[in-house]
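Some notes on the structure that comes next.
The values are calculated or read from the model by the stated rules, or taken from the named source; none is laboratory data. Everything numeric here is computed off the predicted structure, so don't read it as measured data. Don't worry about glycine lacking a Cβ; one is built from the backbone with ideal geometry, like all the others, and counts go over all protein chains shown.
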Amino acid sequence: MSVLASTHQEQGQAEHQINEVQEQEAGRESAFAGLPSQSLALMRAPLAGAQRQNIVARMGQQYGNRQLQRILNTVQTPMGGHPTQIEEEPTQPIGGNPEQEEFQGGTSTRSNFLGSMAQSYGILGGAVQRTIGDGHDLTNQRFSGNTLLEAVFDNERVLRLGSATDEFRGVSSVQLALQDLGHLVPKFGIDGIFGAETVRAVKAFQKKEGIAVDGVVGPDTMGHLDTKAPNGTAPVKPAAPAAGGAVTIDPVTTGGPAFTDAGHFHWRIRWNHNATNGFIVQEITNTYNAQNPDGSANTGVQPTPHYFEAWQVDAAGAITDIATSEGTDDYWIRPRNPNTRGSWSMDANVFFAPSLDPAAGFGRGAAGGAPDAGDLFATTTKPANLSPLVSTRRNGGKWNNTNGNNTHDPA
Amino acid sequence: MLEQKKVFELISRCSKWDGYTFDPGSYIRAVNILHQESKSEVIEQFRDYVNSLEMSGIGDNVFFLLRLLFEPENGRTFPSVPMGKPVDSGEANLANFPLYPLALVQDVPLLISSGYILGGKPGSPLGHIAFCEVNCQLRAKDLRPPENPLGLADELINSLIWYQKTEGYEGEEKLATLRAQLLRLIRGAYQVQEVDDPDFYGTLKNKTVWEKHLEAFQKLKASWDSTNNSYK
């Protein structure tokens, strides 16, 4: 049993977590079908060191040197204690190996085994070893430069059920992309853990794309995500306006807009702008009318009808007053509202302001009267120093989640 | 100190801000394990966790766990969760619910706001972490739910501190969502198929159905297992 699984038991983790780990282990073990069980330990051992030498020694005693050599050839690693030169060795072609019959004891052929091992443990020959900047790189800004995801795209790593701590950021990025493409991870959300829910989302994406459906993110799946996830290219920031010139502030979609069920909606954007030394100010006008199945008004979801929210920009045009590490500046969410029907809309007018009008009473959260704005400075009072209207956008629709219906019609 | 992967999993597996799927047990497990560690190390692990996530701004479960794991000192109260406007907040008397949108009822955390409205930018949990570092201590004792927690939703919603109308369609919906949260809490001893389905709660509006669950759990004579942090 893995450390992870034993830890779960010791700490009384939920049953589903244990199941996930068992699924993970089962998936890994299947790659070794037909091979001595020590092969798994061999692959997990560091490529040099006492642990590896001990495993090799024991396998030699048990299987003899000839069989041991075949096993070692199979896992494409040098003999124990030998300096690791994996990337320099000729890559054994995957498939069509004359030794395949030696490993026919289970469902995996040697070619499958090699492919799985290469993906699982990042062991590949120099022929396919790539680096960032070699011309085979991710182009979607949401992925580009993420070393883990670049390695996945280069077939040096894979993301699959279970994930190491250092994979949290990469997995969360993939989860977010899957969600933006309509393959939701509703229970655990964007949590950085590649669990059973994420496997299902990956499989749904793979099926839609017409590629191999295995729930594993390898180079092919990564390439499709890179192409299909929103925001495939970085917007070019317009040049700063000359004195008296026009300010441009345009929303660039980074996720959604997507309708799911029971009136749920989400849409993420970031600002592509040339504003400097001031504030991007967005005026939001909300409508939300919900009814219970019996026709009575549902009052649970009550967006603030009208408010202004602001993003501070510095002399270089960078948004400075709130973290934007995930590349999103503005996030619209209407929550699930089960067993209701109704209509909603969000209208946005975007302006520039050289400062926050003190008379408008901007504040964060409830202090500004508009908790809808999250952590942005906001107010329900119109500022007096807004520029002429710069841009607009809107969304909305009707939904019906009553009496067995589950529809959402964009307006 | 617990290994980082273990801590990350404890945090990640805490339910998101969705009253229709919320599982109180996920928080009780995390709190009861983490409060035994040193404050400085827990704080550091939380920072590492938040910084490791791509969507650092969407940290609803981090906010919630911090509010349950730490206790403010010197009369301070937690700042509000800067995720947007909570659903069902219209008549909230937040003085009664210092952990809002959570309510801690006999050591059982219930999510009393089913979701949130957002039209802006959610705040990072890093601010909450800093608040805890300066103004709070880790809670001293385990969360220890009562032997039979299934009555807690009805007790809460009929109590004087409840802030919403308890009659009519929306009152029934709210009560059913809280009952479903409690059924998820006792899953170690009493498992209901589809309990994780977001629409499952609807069945619990039926008085007969709910009473059958109450009766079945009562017959089990289940108890809280403080070793495994679940009912058995």
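Remarks
- Among the residues listed as B:Ile129, B:Ile117, the single one being touching a helix residue (DSSP H, G or I) at 6+ places or on another chain (Cβ under 8 Å), under 15 Å from A:Pro371 (Cβ atoms) and either charged (D, E, K, R) or touching a residue at least 12 places away in the same chain (Cβ under 8 Å) (or both): B:Ile117
- Residue in segment A:291-307 that is within 11 Å of another protein chain (Cβ to nearest Cβ), of a type in the set (Ser, Thr, Tyr) and under 28 Å from the mean Cα position of the chain (by Cα) present: no
- Residue in segment A:272-279 that is touching a residue at least 40 places away in the same chain (Cβ under 8 Å), within 10 Å of chain B (Cβ to nearest Cβ) and surrounded by fewer than 22 Cβ atoms within 10 Å (Cβ to Cβ) present: no
- Test: residue in segment B:88-101 that is buried (at least 18 other Cβ atoms within 10 Å of the Cβ), in contact with a helix residue (DSSP H, G or I) (Cβ under 7 Å, 6 or more places away or on another chain), farther than 25 Å from A:Arg268 by Cα and without any contact (Cβ under 8 Å) to a residue 24 or more places away in the chain: yes
- When the helices (runs of 4 or more DSSP H) confined to segment B:151-232 are screened for residues that are of a type in the set (A, V, I, L, M) and more than 21 Å from the chain's Cα centre (by Cα), those reaching at least 2 such residues are found at B:207-220.
- Test: residue in segment A:321-335 that is over 18 Å from B:Pro86 (Cβ atoms), in a strand (DSSP E or B) and more than 7 Å from chain B (Cβ to nearest Cβ): no
- Annotation for segment A:350-360: no member residue is of a type in the set (D, E, K, R) and under 29 Å from the mean Cα position of the chain (by Cα).
- Qualifying positions in segment A:381-411 - in a loop (DSSP other than H, G, I, E, B) and in contact with a Pro (Cβ under 9 Å, 6 or more places away or on another chain): A:Asn385, A:Ser387, A:Asn401, A:Thr402, A:Asn403
- Hey, A:Gly342 touching a residue at least 12 places away in the same chain (Cβ under 8 Å) and not aliphatic (A, V, I, L, M) or not: yes
- Test set (1) free of Cβ contacts under 8 Å to residues at least 60 places away in the same chain; (2) surrounded by 15 or more Cβ atoms within 10 Å (Cβ to Cβ); (3) closer than 25 Å to A:Trp311 by Cα; (4) basic (Lys, Arg) - A:Lys398 fails condition number: (3)
- B:Leu10 crowded, with 21+ Cβ neighbours inside 10 Å and modelled with pLDDT under 90: no
- Scope segment A:158-169; condition assigned to a helix (DSSP H, G or I) and within 8 Å of chain B (Cβ to nearest Cβ); matching residues: A:Thr165, A:Phe168, A:Arg169
- Listed by first and then second residue, the pairs linking a residue in segment B:135-146 that is closer than 20 Å to B:Glu44 by Cβ to a residue that is hydrophobic (A, V, I, L, M, F, W, C) and in a strand (DSSP E or B), with Cβ atoms under 9 Å apart and 6 or more places separating them unless they lie on different chains, are B:Asn135/B:Phe70; B:Cys136/B:Phe70; B:Gln137/B:Phe70; B:Leu138/B:Phe70; B:Arg139/B:Phe70.
- Those residues of segment A:285-310 which are hydrophobic (A, V, I, L, M, F, W, C) and in contact (Cβ under 8 Å) with a residue 24 or more places away in the chain, in sequence order: A:Ala290, A:Val301, A:Phe308, A:Ala310
- Which numbered condition B:Lys39 fails, given (1) surrounded by 23 or more Cβ atoms within 10 Å (Cβ to Cβ); (2) modelled with pLDDT of 90 or more; (3) within 20 Å of B:Glu133 (Cβ to Cβ): (1)
- Evaluating B:Tyr27 against the criteria (1) under 19 Å from B:Ser226 (Cα atoms); (2) not in a helix (DSSP H, G or I) leaves one unmet condition, (2).
- Any hit, segment A:368-384, residues being basic (Lys, Arg) and either crowded, with 20+ Cβ neighbours inside 10 Å or under 27 Å from the mean Cα position of the chain (by Cα) (or both): no
- All conditions but one from (1) closer than 19 Å to B:Gln181 by Cβ; (2) away from chain A (no Cβ under 12 Å) apply to B:Ser15; the one that does not is (2).
- The numbered conditions (1) within 12 Å of chain A (Cβ to nearest Cβ); (2) closer than 26 Å to A:Asn339 by Cα are all true for B:Ala189 except (2).
- Qualifying positions in segment A:336-359 - farther than 22 Å from B:Gly123 by Cα and away from every other protein chain (no Cβ under 12 Å): A:Arg341, A:Gly342, A:Ser343, A:Asn349, A:Phe351, A:Phe352, A:Ala353, A:Pro354, A:Asp357, A:Pro358, A:Ala359
- Scanning segment B:118-137 for residues that are closer than 13 Å to B:Val81 by Cβ and at the interface with another protein chain (Cβ under 7 Å from one of its Cβ atoms) gives B:Leu118, B:Pro122, B:Gly123, B:Ser124.
- Single match in B:Leu183, B:Leu175 (criterion: more than 12 Å from chain A (Cβ to nearest Cβ) and at pLDDT below 95): B:Leu175
- Single match in A:Ala366, A:Ala378 (criterion: part of a strand (DSSP E or B), within 11 Å of chain B (Cβ to nearest Cβ) and not basic (Lys, Arg)): A:Ala378
- B:Lys212, sole failed condition from (1) on the phi > 0 side of the Ramachandran plot; (2) without any contact (Cβ under 8 Å) to a residue 24 or more places away in the chain; (3) not polar (S, T, N, Q): (1)
- Failed item, numbered, when A:Val247 is tested on (1) within 10 Å of chain B (Cβ to nearest Cβ); (2) surrounded by 15 or more Cβ atoms within 10 Å (Cβ to Cβ); (3) in a loop (DSSP other than H, G, I, E, B): (1)
- Single match in B:Gly151, B:Gly168 (criterion: farther than 30 Å from A:Gly368 by Cα, surrounded by fewer than 19 Cβ atoms within 10 Å (Cβ to Cβ), of a type outside the set (D, E, K, R) and away from every other protein chain (no Cβ under 14 Å)): B:Gly151
- Of all residues making up segment A:171-222, the number that are closer than 22 Å to A:Asp137 by Cβ and assigned to a loop (DSSP other than H, G, I, E, B): 4
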